[in-house]
Amino acid sequence: MSTTTVETDLVTAVARPARPTPAPIPMSRIVSVELRKSFDTRSGFWLLASVGILAVLTTAAVILFAPDDQITYDTFGAAIGIPMAVILPVIAILSITSEWSQRTGLTSFTLVPHRGRIIRAKLAVALGVGVASMLLAFGIGALGNLLGAAIVGVDPVWDITGGDFAGLILFQILNMLIGFMLGVLFRNSAGAIVGYFVYGFVLGTITQVLASTQDWFERAQPWVDFNYTQGALTDATSMTGENWLQLAVTGFFWLALPLAIGLVAVFRSEVK
Amino acid sequence: MIKVDSLTKSYGGFTAVDDVTFTARPGRVTGFLGPNGAGKSTTMRIMVGLTPATSGTTEVSGRRFADLPNPGLEVGVLLDASAQHAGRTGREILTVAAHTMGLPRRRVDEMLERVSLTPSEAGRRVRNYSLGMRQRLGIATALLGDPEVLILDEPANGLDPAGIRWMRDLLRGYADEGGTVLLSSHLLHEIEVIADDLVVIGQGRIVAQGTKTELLASAGTLVRTRDVPGLARALVDADLDFSNLTDALRVDADAELVGQVAHSAGIALTELRPADGAGLEEMFLELTADTQRDTQSIHGSEGAAA
Ligand SMILES: Nc1ncnc2c1ncn2[C@@H]1O[C@H](COP(=O)(O)OP(=O)(O)O)[C@@H](O)[C@H]1O
Ligand SMILES: [Mg+2]
C-alpha cells in the first residue's frame, strides 16, 4: 500500500507544468544556418576564399600573358569563367554531400525534421553564393581591365553588354545547379565531384568529337547535349528563341529530371 | 513522454525491429537494453524521423516527431557522437545548433560548462576529440534547448568511470525534475545503476519490460559452489528447476530449500542468497549468447570453477 502512495506522489510531484508550444523555425533562420555552415570549416572557408583568389590570379594572368589588343573586358570575363565553372559547383556539391559524408545530417535533419526545408535553404545559399561570387569575380575582372589598359596604354574596352553579363551568370548558375543535382543524386562528396567532371568535361569532349565526326549527331546535338546548349549562354545576346527552347529541353532531361529523382531518394532514404 | 506503438522495420527480408511497443514516462529514466544488433539504434532513428518505419508509430510529447515545431526545444537527441563535421570546433557545432533552435549565444557557454568542456577544448576541431569528449559535446547538444525528453543512444560509450558517474547524476537530476529520459546500452550493469524502467530487446523483439525493481526481483535463489556438477545432480534429484549463470546456478526455489538439498548431498556452498537481478542477467546472457556466440566462454568459466 505504502509503495503505491509513494509512487503516485512521486509522479504528480515531478510532472512539469505544461510548457507553451514553441514557435516554428522560420525559413530565414534555416537559410542563415546553412550559410554559416558553408563558412565555418577550414575547407568551406578556403573554398569560398578561393573564388576571390582564383579571380585575382586569372586576372593577373590575362594582364601578363594576353596580347595587347586583347586586353578587353570580354577576355577577362572569359578567363575568369573557367575557374568559376570548377569551384562553384564544388561548393554546391559539398553543401549537400557533407550532410551524408560527414554525417552531420544526423543532427541537421533531427533539429529540422523536414528535409525539403533544409534542401531548399541549401539551394538558396548556393544560388546566393553563386551570384555574389560572379559579381565579385567580374568586379575583379573590371579592375584588371582598367589596370591592364593603363599598363598597355590604351583606353579600357568594355565589350560585355548587360545581356552577355546575365548570360554568363546564368551559365555559372546552371553549372552550380548541376553540382547541386549530382550532390543530391549521389549524397557522397567524392562520387559527386568525380561525377561533375565526367558530366562537364569528359562527356563534353566526347560529344564534341562525336559531333565533328558523325553528321547525324551534329544535327541532333542541339536537342540532346546539355553542355552544348549551355555553352550558347556564353554568347547569350545572339541566342535565338530556338536556342532557348533547346536549352530548356536539354536542361529538363539532364538537370531537372535527375534532380527530381535525387530529391525523392533524399526524402525516402535513411540518414545514419 | 515517448510512445512507441507496434513499430516494425524490415530491411528486405530481414526484420530489424519487430512489433516493438513501449512507453518512456516523464520523471523516469528508461533503459533500452539489448545486445549489439538488437535494433536499439534503428528504433531510436525511427523515433526522430531519420529512418522511415515499415509499420507502426512513434510519438514524442504527444506528437509525431515531424510535427514538433522546433524539435530541439522539446527533445534532446544524441544518436552518434562521432557524426559531426571533423573540421568544426566543438563550440561551433553548439553555436550552429543553438542558432537553429533560436537560442542566445550564452546558452552555448552554459552548456560547455555543464558538460565540463574547457574553453580551449571547445575551440579545438572535433577531429582531435577523444570519444569521451565527443560524447560530452553530443550531450551538450542534446541539452541545449532545455528539452523535456532526452533520447540518447549508448551515451556512456567512451566515457571514463568518472564520466559515467557524471552522466548518471546528470540524467538522474533530469528525470527528477520531471524529464523523460530514454537511453540505450548493450551493458546490463551500466544501465542497471541508472534506469528506473527497463525495456529489453533482442533480435528486434521486446523480451521483457517493466520497472527495474520488478525485473530484478524475479524469483529464485543464487547459489555458488566449487562442485557445480554435484549440485546440479542433487537439484535434479530433488526435482528443482535451475539454470546456469556466468559462474553460479539460479534455482527456482527459496534459499532454505536449496541449502537443505546441498546439505543432504554433502556439497559445500560458497554463496547462497536470493537471486536479485540474476533472472535478468540470465535472460540477457541468453540473448547475447544467441547473437554473439559467447557461449563458449561462459562454459569455459564454469569449467574452471568445477
Ligand atoms: N540499412 C540496413 N540494411 C540492412 N540491415 C540493417 C540496416 N540497418 C541496420 N540493419 C540491421 O538491423 C539490426 C539492428 O541494428 P541496430 O538497430 O543498429 O542495433 P543496435 O543499435 O541494437 O546494436 C542489425 O542486425 C543491423 O545489421
Ligand atoms: Mg546501436
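The values are calculated or read from the model by the stated rules, or taken from the named source; none is laboratory data. From a predicted model like this one, the values you see are computed outputs, not experimental measurements. As a convention, Cβ positions derive from the backbone with ideal geometry for all residues, glycine included, and neighbour counts pool all protein chains shown. With ligands, DNA and RNA removed, areas are computed over all heavy atoms of the protein, side chains included. Shrake-Rupley method; radii C 1.70, N 1.55, O 1.52, S 1.80 Å.
Among the residues of the stretch B:53-74, those identified as in a loop (DSSP other than H, G, I, E, B) and either more than 7 Å from chain A (Cβ to nearest Cβ) or open to solvent by less than 20 Å² (accessible area, probe 1.4 Å) (or both) are B:ALA53, B:THR54, B:SER61, B:GLY62, B:ARG64, B:LEU68, B:ASN70, B:GLU74. Please find, among B:ILE201, B:ILE139, B:ILE194, the residue that is among the β-branched types (Val, Ile, Thr), within 16 Å of ligand 2 (Cβ to nearest atom) and open to solvent by less than 20 Å² (accessible area, probe 1.4 Å). Exactly one of B:ILE201, B:ILE139, B:ILE194 is among the β-branched types (Val, Ile, Thr), within 16 Å of ligand 2 (Cβ to nearest atom) and open to solvent by less than 20 Å² (accessible area, probe 1.4 Å), namely B:ILE201.
Checking each residue in the stretch A:111-131 for being open to solvent by 20 Å² or more (accessible area, probe 1.4 Å) and not in a helix (DSSP H, G or I) picks out A:PRO113, A:HIS114. Condition check for B:LYS9 on (1) within 14 Å of ligand 2 (Cβ to nearest atom); (2) more than 10 Å from chain A (Cβ to nearest Cβ): one failure, at (2).
Looking at the stretch B:86-173, what helices (runs of 4 or more DSSP H) fall wholly within it and have at least 3 residues that are closer than 20 Å to B:PRO71 by Cα? I'd like the intermediate steps shown before the answer.
Values: elements: B:90-101, B:106-114, B:119-122, B:131-143.
Hits in the stretch B:86-173: B:90-101, B:106-114, B:131-143.
Contact annotation: residue pairs with Cβ atoms under 7 Å, 6 or more positions apart or on different chains, pairing a residue in the stretch B:65-76 that is in the same structural domain as B:ALA98 (by TED's automatic domain parsing) with a partner that is assigned to a helix (DSSP H, G or I) and among the polar types (S, T, N, Q), are B:PRO71/A:THR110; B:GLY72/B:THR100.
For the stretch A:92-105, enumerate the residues that are open to solvent by less than 20 Å² (accessible area, probe 1.4 Å) and in a helix (DSSP H, G or I). Listed by number, the residues that qualify are A:ALA92, A:ILE93, A:ILE96, A:THR97, A:GLU99, A:GLY105. Summed over the stretch B:25-52, residues that are more than 12 Å from chain A (Cβ to nearest Cβ) and either within 12 Å of ligand 1 (Cβ to nearest atom) or without any contact (Cβ under 8 Å) to a residue 40 or more places away in the chain (or both) total 10. Of the residues making up the stretch A:11-41, those that are modelled with pLDDT under 90 and either within 7 Å of chain B (Cβ to nearest Cβ) or outside any helix (DSSP H, G or I) (or both) number 9. Here B:ASP18 meets the list (1) touching a strand residue (DSSP E or B) at 6+ places or on another chain (Cβ under 7 Å); (2) away from ligand 1 (no atom under 13 Å from the Cβ); (3) not β-branched (Val, Ile, Thr) almost entirely, failing just condition (2).
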